[in-house]
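Quick notes on the structure that follows.
The values are calculated or read from the model by the stated rules, or taken from the named source; none is laboratory data. Just so you know, these numbers come straight off a predicted model, no measurement behind them. We place every Cβ from the backbone using ideal geometry, glycine too, and count neighbours over all the protein chains shown.
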Amino acid sequence: MHDVAFVNAHLATMSHGELRDAVLAVSGDRISWVGARSEWHEKARVEHDARGAWITPALIDCHTHLVYAGNRAHEFELRLNGATYEEIARAGGGILSTVQATRAASEDELVRAAQKRLGQWQREGTAVIEVKSGYGLERDTELRMLRAARRLQGLEVKTTFLGAHALPPEYKGRADEYIDLVCDILEEGARLGLIDAVDAFCERIAFTPEQTRRLFLKARALGLPVKLHADQLSDSGGAALAADHDALSADHIEFAAEEGIRRMKESGTVGVLLPGAFYFLNEKQLPPIETLRRHGVPIALATDHNPGSSPLCSPLLVLNMACTLFRLTPQEALAGMTCNAAHALGIERTHGTLEVGKRADVALWEVASPAELAYAIGANPCVGVMRNGAFPRAAT
Ligand SMILES: [Zn+2]
């Protein structure tokens, strides 16, 4: 006897293709049956008529900076008056203004602001969201951001420690010493159980490959997986560096060289593409989609929600942007926010596909085909989300 069965549904399983007129059953917090309605001879305590809705794995947003204070609408305005992202960063604006606001905010204030934003992800069929630290750049605020992320309700949150996001002004010219501090904060955060993965920003305006390597060795020694903001503004060898450390993902990778991508395939590192930042910064360098495809590197997609370069609160819009800006197929886009996003968080054994034994995280969509999820702009056809085998809230 299953707990719940969705009948009269179509399934985009993301592992075994599409099943029309199918049934998906759930027992406890797991998927317990998937197949054609003609083969369904079992029983469930509760039967939901899905009325022809499509069911997909609930969406997974594998790269966000959701916890922060303030916003950067003023910088947006400056940029439209001619300043570049790098110029703003070098002038001590940009990320440092968010650092100031975040350092000044209490844990409760950070939770409240992030929780409010999170509503949009819930309404758009999301079950898991990754949240990075990286606006404290000192011990107390970094740990406070991670604690705030752990307190968010309604979605499963994976926390990533991004102390090596930018060099704080008080460490100007002393980046190596700052990396020492980041390693210390990492050790404490890991001991407190606040960290699921470790990330760094390896770029000419941030940290060198050598500094990144040092942090990654520390993370691996603590048994934590790593991820990397790599090759966003230039080819700094970030993709290969990520692969060297068996990173879960290398993110951005607009300028990644083919050799780096080949190494990503070998190490099982997912390429995470962030069309929101590409769109918002009006970037011109497309990520190397064809090279990723040719080498069979899984492509994930994420909002990269952050106040500076991607104030994007819509996972569904990510699907559309990935197709319109990067020419991904709708099928690739959906994989990018389900099964491949699960890979990018190291939770692929339990999340991201509709298979028996996987976590019962599913989204119901009133669409005629899954491609419609990537096709529409600004629509939200989500008619239900189940997370952990339960309905956390009625979707609207
Ligand atoms: Zn990011």
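Kindly indicate the residue of the range 35-68 that is more than 16 Å from the ligand (Cβ to nearest atom) and among the polar types (S, T, N, Q) and also surrounded by the most Cβ atoms within 10 Å (Cβ to Cβ) among those meeting that condition.
T56
With respect to the numbered conditions (1) under 30 Å from A149 (Cβ atoms); (2) modelled with pLDDT of 95 or more; (3) of a type in the set (A, V, I, L, M), which one is the sole condition not fulfilled by A73?
Here A73 meets the rest and fails (2).
How many residues does the range 266-309 contain that are more than 14 Å from the ligand (Cβ to nearest atom) and among the polar types (S, T, N, Q)?
5
Looking at this structure, is A219 at pLDDT 95 or above and under 23 Å from I195 (Cβ atoms)?
Yes.
Please state which one of L334, L312, L316, L345 is more than 20 Å from A50 (Cα to Cα) and either without any contact (Cβ under 8 Å) to a residue 60 or more places away in the chain or surrounded by fewer than 21 Cβ atoms within 10 Å (Cβ to Cβ) (or both).
None of the others qualify; the one that does is L312.
Quick check on my filter: what residues within the range 238-271 are surrounded by fewer than 24 Cβ atoms within 10 Å (Cβ to Cβ) and touching a Pro at 6+ places or on another chain (Cβ under 6 Å)?
Result: E254, single match.
Given A277, A300, which one is within 24 Å of F76 (Cβ to Cβ) and surrounded by 18 or more Cβ atoms within 10 Å (Cβ to Cβ)?
A277
Exactly one of (1) part of a helix (DSSP H, G or I); (2) over 19 Å from K158 (Cβ atoms) is unmet by R220. Its number?
The single condition R220 does not satisfy is (2).
Looking at the range 69-91, which of the residues that are part of a loop (DSSP other than H, G, I, E, B), surrounded by 13 or more Cβ atoms within 10 Å (Cβ to Cβ) and on the phi < 0 side of the Ramachandran plot is nearest to the ligand (Cβ to nearest atom)?
Taking the candidates together, the pick is R72.
How do the pairs read when you match residues in the range 60-80 that are more than 23 Å from A230 (Cα to Cα) and polar (S, T, N, Q) with residues anywhere that are surrounded by 20 or more Cβ atoms within 10 Å (Cβ to Cβ) and at pLDDT 90 or above, using Cβ under 8 Å and keeping only pairs 6 or more apart or on different chains?
What qualifies is N71/P307.
If you check G136 against the conditions, is it surrounded by fewer than 17 Cβ atoms within 10 Å (Cβ to Cβ), under 30 Å from V270 (Cα atoms) and of a type in the set (G, A, S)?
Here the answer is no, as G136 does not meet what is asked.
With the requirement that a residue be within 16 Å of the ligand (Cβ to nearest atom) and over 17 Å from the mean Cα position of the chain (by Cα), what does the range 193-214 give you?
C202, E203, I205, A206, F207, T212 - these are the residues of the range 193-214 that are within 16 Å of the ligand (Cβ to nearest atom) and over 17 Å from the mean Cα position of the chain (by Cα).
Considering each residue of the range 143-182, count those that are crowded, with 19+ Cβ neighbours inside 10 Å, away from the ligand (no atom under 16 Å from the Cβ), closer than 30 Å to A360 by Cβ and of a type outside the set (A, V, I, L, M, F, W, C), and give that number.
Residues flagged as crowded, with 19+ Cβ neighbours inside 10 Å, away from the ligand (no atom under 16 Å from the Cβ), closer than 30 Å to A360 by Cβ and of a type outside the set (A, V, I, L, M, F, W, C) within the range 143-182 amount to 1.
Looking at S267, S310, S249, S234, which one is within 27 Å of R79 (Cα to Cα) and in contact with a helix residue (DSSP H, G or I) (Cβ under 6 Å, 6 or more places away or on another chain)?
Answer to the selection: S310.
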